[in-house]
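To start, the structure itself, in structure tokens.
Laboratory data are not the source of any read-out in this text; all were calculated from the coordinates shown. This structure is a prediction, so every number in the text was calculated from the model and none was measured. Cβ atoms come from the backbone with ideal geometry, glycine included; neighbour counts cover every protein chain shown.
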Amino acid sequence: MSTFRSGYVSLIGRPNVGKSTLLNLIAGRKLAIVSPRPQTTRNRILGIKNLPDAQIIFVDTPGLHKPKHKLGEHMVKESSDTAREADLILFMTEPEMPGPGDKNILNLLRTMKIPVFLLMNKADTVKKLHLLPLIDEYSKLFDFTEIFPISALKDESINHIIQAVAERMPEGPKYYPDEMVTDMPERFMAAEVIREKIIFDTHEEVPYSIAVEILEWKERDKGKLYISANVYVEREGQKSIIIGKQGARLKEIGSRARQDLEEMLGSDVFLQLWVKLKKDWRSDSRTLKELGYS
Ligand SMILES: Nc1nc2c(ncn2[C@@H]2O[C@H](COP(=O)(O)OP(=O)(O)O)[C@@H](O)[C@H]2O)c(=O)[nH]1
Ligand SMILES: [Mg+2]
């Protein structure tokens, strides 16, 4: 009789190395929002992978960084907590010499005594020749169980990595039913899609200063879904930036979000967005709690 294996695998690394891109590649669909800016992911996000003889639960995390406000503290805690509870850690990095950020993370991982794979991501951005000496540098810093260069953006198959991960999973039950790909409610994913569109369309502090809260979610006539949401900003000036001239930017954001939501939910969507001021919400414990960031 063959044994069934299952376990938790946490994706750990500096912000912007490609953790969420990898989670989406593994899941074969978009679970986590991705952006060219660091610190986009704020919560832990689950991607469940079913194999004939294993169930692997991948957990995307916010990047580990030096927090500057209460939201940042929450993000760092989410990352280190999921690492501590994992059966295996995928430490992701870019094809660069290890910097202070990477070294700090490896020091933290060293205290956990959990096997760690090194995934050197964005391998498409450098010549193969340059990868080996970099991998060498990382190997001097940490005793990795396995090492893979990858490109979460360009590679189509990462089955060899998933297979290697499966082999490291302990014997265990199927934690989630087969059809389940994530534990996130649709409402949360919808709020994230809206946030992603705003991040893409704004600059400097604005992308970091926003939070999205779904207010209404109702079936209306002919199966059309009505969704309304608040977009919170930290300062008055950010409100007009998001709204744009005669509401042009908010209209554009809403229309892009609606297209993604329709694809994700498989139904027509009517989306209404409100921009609201919530002063310095990133430093306010109560608001963080209300928005699910605690
Ligand atoms: N060239 C290249 N870019 C990548 C790769 N993986 C991710 N990216 C880009 O890196 C940025 C950050 O990715 P994201 O997944 O949000 O990083 P995270 O902060 O670690 O979750 C995005 O612009 C991605 O498109 C890769 O393999 N190659
Ligand atoms: Mg991310």
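Values as computed for the structure displayed
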quantity	calculated
The stretch 55-205 shape via C-alpha gyration tensor axes, a/c threshold 1.5	rounded
FRET efficiency estimate (nearest 0.05) - Cβ-Cβ, F270 to H160, R0 41 angstrom	0.40
Förster-model FRET efficiency, 41 Å R0, K174 and R235, C-beta, rounded to 0.05	0.30
Sorted by Cβ density within 10 Å, fewest first, the residues K49, K222, K174	K222, K174, K49
Tensor-based shape of the stretch 139-236 (alpha-carbon gyration tensor, a/c under 1.5 rounded, otherwise prolate or oblate)	oblate
K279-D124 FRET efficiency (beta carbon distance; Förster radius 41 Å; 0.05 resolution)	0.45
Residue pairs, from the table K66/K127; K66/K154; K66/K103; K224/K251, whose Cα atoms sit over 22 Å apart	K66/K127; K66/K154
Mean residue ellipticity (222 nm) of the chain, computed from DSSP H runs ≥ 4 via -39,500 (n - 2.57), nearest 500	-11500 deg cm²/dmol
Stretchable slack from E263 to E204, in nm (0.36 nm times residue separation minus alpha-carbon distance)	18.3 nm
Residue order, fewest to most beta carbons within 10 Å, for F91, F4	F4, F91
Per-residue Cβ neighbour rank within 10 angstrom, fewest leading, S255, S151	S255, S151
Full-extension gain in nm, K289 to K224, via 0.36 nm per residue minus C-alpha separation	20.3 nm
Residue-count net charge about E171 - beta-carbon cut-off 13 Å; Lys, Arg +1, Asp, Glu -1	0
Segment L141-S2, length gained on full extension (0.36 nm per residue, minus Cα span)	46.4 nm
Aspartates and glutamates whose Cα lies under 15 Å from that of K128, excluding same-chain neighbours fewer than 8 positions away	E94, E96, D136, D155
Two-site label geometry, R37 and K245: point separation in nm, points 7 Å out along Cα→Cβ	2.2 nm
